[in-house]
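The values are calculated or read from the model by the stated rules, or taken from the named source; none is laboratory data. Given the structure is predicted, the values throughout are model-derived calculations rather than measurements. Every residue, glycine as well, gets a Cβ built from its backbone with ideal geometry; the counts of neighbours run over all protein chains shown.
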Amino acid sequence: MTPTPPDPNNERYTRQTRTRAIGPEGQAKLAKSHALIVGVGALGCVSADLLTRAGVGQLTIIDRDLVERTNLHRQPLFIDQDALDRTPKAIAAKARLNQANPDVTIHAHIADFTPANAEDLIEHTWDLPNVIIDGTDNFETRYLINDCAVKLGIPYIYGGAIASAGSVAAFLPGDGPCLRCLHPDPPAPGSQPTCETAGVVNAVSSLVASAQAAEAMKILLGQADKVLRSMLHFDLWEATRTRLDLTNAQDPSCVCCAQKRFEFLDSTTSEPQALCGRNAVQIAPGTTTAIDLARVASTMGNPSGAQIKAYMVRAPVDHGGQTLELTCFADGRAIVEGTCDPALARAVYARYIGS
Ligand SMILES: [Zn+2]
C-alpha cells in the first residue's frame, strides 16, 4: 500500500522551505522521495535523523546489530536504556525517528545486508529508493552496495570516518565513476584501522553523515548539477582537507560499471563473522528464510531470563560448561555473545537453531 507522504506545508518545514536550496517546491519533492540507509551506526544515525526531520516521504533503515554502550558517544538515536536492553539498532532507531517526525514512513529491517538479501531489501517496497546512503563500517558491504547501486541504477553516497579523519563521495550511475573505478578491489581484511582499533571523534562522524545527507537531498530534489563530483577527505583535528576530482575518474574497463559484472552481489559465501570490537560472532544462513522463533525458544528449553519478542529470541545457553548468550532474529541470523571463536558459535547455532 502506498504510504501517505508528509504534508510539505507543515509548519515544521518553514525554516527549510525558506532556503533557496530547497524552497516549497523542493519540500514537495522530498515528501515523495525514498532514501535507504545501510547501517544505523555513527553515520547512519545522523543521516537518518536529518532526512527524517527534513521530511522525506519514506526512509528504509537496515542494521544487523544491537545497541551497545560503546556506541553511545557518537550514535545520537540511542540512549542508555537501549544499550542496557541491547535493543536491535533498527528497532531503537525507528522508535526515535517516529518521535522526531511521525509523518515519515520508516521501514526498519533487522538484517545483515548480504548478497543473499541485498536486492530483496532494496526492492521491498512498492518503489525503489531514490538514493542509497552508506552507513556501514566495512568495505565488503560497501562494494556490495556499489554493485546494487550500479545494477539497479540508484545513486550511492559513500562515507567513512575513523579517528579524526573522514571522507565523502557521491556516485551517480551512468554519470561518472563508481566505487570500483577508484579502487578495483577492497582492502584486505584487517589491513585498515577500525573504530575499535583507532577510535573515532564524534564530531567527525557527524560531519561526514551531515555531508552525506546534504548530497542525498540534492539527489532527492533532482539537483544533479549540485552533487559533489569529488572525493572529499578531511581531518578535523589537523584542520586539513583535500579534494580529489572525480570528473574523469570513470574506468572504461571497470568490472562493475563497464563490464556489468557484479562480483560482490553474486558472491555466495556466508562465513561466520566476528563482530568488530565485540566478544561476539554473527552467524548468517546462506538464505533468508523466516524461522519459527517460538520453536527456537522451545529448543533452548525456554530458560528463565529468555526474552521472546516478535523479531527476536534471546537467552543464555550453556555450551560445554561455558555460558554464552544467543540472540536469534526472525530471518534466521544469530549473534552469539561471549566468544570470538567462529567454530564454537557455529556449533551453538547448529544445536539450537539448525545447521
Ligand atoms: Zn566503475
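For the reader, a short list of remarks on this structure follows.
- Any hit, segment 53-66, residues being in contact with a helix residue (DSSP H, G or I) (Cβ under 9 Å, 6 or more places away or on another chain), farther than 17 Å from LEU128 by Cα and surrounded by fewer than 22 Cβ atoms within 10 Å (Cβ to Cβ): yes
- Any hit, segment 338-348, residues being over 30 Å from ALA198 (Cα atoms), modelled with pLDDT of 85 or more and not assigned by TED's automatic domain parsing to the domain that holds ASP120: no
- Failed item, numbered, when LYS151 is tested on (1) exposed (fewer than 15 other Cβ atoms within 10 Å of the Cβ); (2) part of a helix (DSSP H, G or I); (3) within 16 Å of the ligand (Cβ to nearest atom): (1)
- Applying the criterion of being among the acidic types (Asp, Glu) and buried (at least 22 other Cβ atoms within 10 Å of the Cβ) to the residues of segment 113-148, the residue that is farthest from the ligand (Cβ to nearest atom) is ASP137.
- Leading residue by the ranking (nearest to CYS45 (Cα to Cα)) among those in segment 163-176 that are surrounded by fewer than 20 Cβ atoms within 10 Å (Cβ to Cβ) and within 10 Å of the ligand (Cβ to nearest atom): PRO173
Yes/no matrix, rows are residues, columns are (1) assigned by TED's automatic domain parsing to the domain that holds LEU172; (2) of a type in the set (A, V, I, L, M, F, W, C):
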| position | (1), (2) |
| --- | --- |
| GLU196 | yes, no |
| VAL200 | yes, yes |
| PHE234 | yes, yes |
| VAL255 | no, yes |
| ARG261 | no, no |
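- Every residue from segment 285-302 that is aliphatic (A, V, I, L, M), at pLDDT below 80 and in contact with a Gly (Cβ under 8 Å, 6 or more places away or on another chain): ALA290
- Candidates THR60, THR52, THR14, THR19, filtered to the one that is without any contact (Cβ under 8 Å) to a residue 12 or more places away in the chain, outside any loop (DSSP other than H, G, I, E, B) and among the β-branched types (Val, Ile, Thr): THR14
- Looking only at segment 177-213, and only at residues there that are in contact with a Ser or Thr (Cβ under 7 Å, 6 or more places away or on another chain) and farther than 19 Å from ILE132 by Cα, the one that is nearest to the ligand (Cβ to nearest atom): VAL204
- Taking segment 195-249 as the range and being assigned to a helix (DSSP H, G or I) and of a type in the set (Ser, Thr, Tyr) as the test, the residues that pass are THR197, SER205, SER206, SER210.
- Screening THR70 on (1) surrounded by fewer than 19 Cβ atoms within 10 Å (Cβ to Cβ); (2) among the polar types (S, T, N, Q); (3) modelled with pLDDT of 95 or more shows it passes everything except condition (3).
- So GLY160, is it touching a helix residue (DSSP H, G or I) at 6+ places or on another chain (Cβ under 6 Å), part of a strand (DSSP E or B), assigned by TED's automatic domain parsing to the domain that holds LEU51 and away from the ligand (no atom under 16 Å from the Cβ): no
- Looking only at residues of segment 319-338 that are out of contact with any Pro (no Cβ under 9 Å at 6 or more places or on another chain) and surrounded by fewer than 18 Cβ atoms within 10 Å (Cβ to Cβ), we find that the one that is farthest from ILE283 (Cα to Cα) is GLY321.
- When the residues of segment 228-244 are filtered to those that are of a type in the set (D, E, K, R) and away from the ligand (no atom under 16 Å from the Cβ), the one that is surrounded by the fewest Cβ atoms within 10 Å (Cβ to Cβ) is GLU238.
- All of ILE145, ILE157 fail the test of being under 21 Å from GLN259 (Cβ atoms) and out of contact with any Pro (no Cβ under 6 Å at 6 or more places or on another chain), apart from ILE145.
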